[in-house]
1. Report D for region 42-84 in µm² per second (integer): Stokes-Einstein, Kirkwood Rh on Cα pairs, 10 °C, 1.306 mPa s.
2. Over region 11-113, calculate the relative contact order: mean separation of alpha carbon pairs under 8 Å at least 6 apart, over the residue count, as a percent.
3. Taking other Cβ within 10 Å of each residue's Cβ, how do W93, W68 sort, fewest first?
4. What order do you get for 17-30, 40-53 when each peptide is scored by the mean count of other beta carbon atoms within 10 Å, highest first?
Amino acid sequence: MIRLNLTATPQWLDLAPGLRLLVAPLTTALMVSARADPAIEGLPDGASQEELALAMAKAVARRAVLDWKGVGDDAGNIVPVTPEGIDALLEIWPVFEAFQTQYVARGLILDAEKNVSAPSPSGPSAAATGTARPVRGAAPTAPQD
């Protein structure tokens, strides 16, 4: 079952001790906009999955992050949310992983649930039970001219 959140209000994500991000709801419009980000389109044809994942996460975050708490500069001064700051924040591995898990993955899980049941690991009919009776022997070969 898909549970709809019709309020469409931003919510806080706790990504690390002392680090919170206020994010907009993960909508189709946000994801479509992120896919069209110049950083995604500018990736070389042979870009790795890792490069694509990082570029996509940054594109999504630049659109989704509305505010944050616990982000400061080298001197410890609180810094405002900026696209450059978001990119720098996602360069920190634990923050990237937490953002992927807590924000982006929720949308992907919902996408997987839309089919009601997931396919079997080795194909859609791998777990199906057979309904035909077994054959008694091999079929004869067709005559050749």
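Readers should treat all values here as calculations from the given coordinates under stated rules, not as data from a laboratory. All values derive from a computational prediction rather than experimental measurement. With ideal geometry, Cβ positions are generated from the backbone for all residues, glycine too; neighbour counts draw on all protein chains shown.
1. 129 µm²/s
2. 31 percent
3. Taking fewest neighbouring Cβ atoms as first place, the list is W93, W68.
4. Highest to lowest by the protection proxy: 17-30, 40-53.
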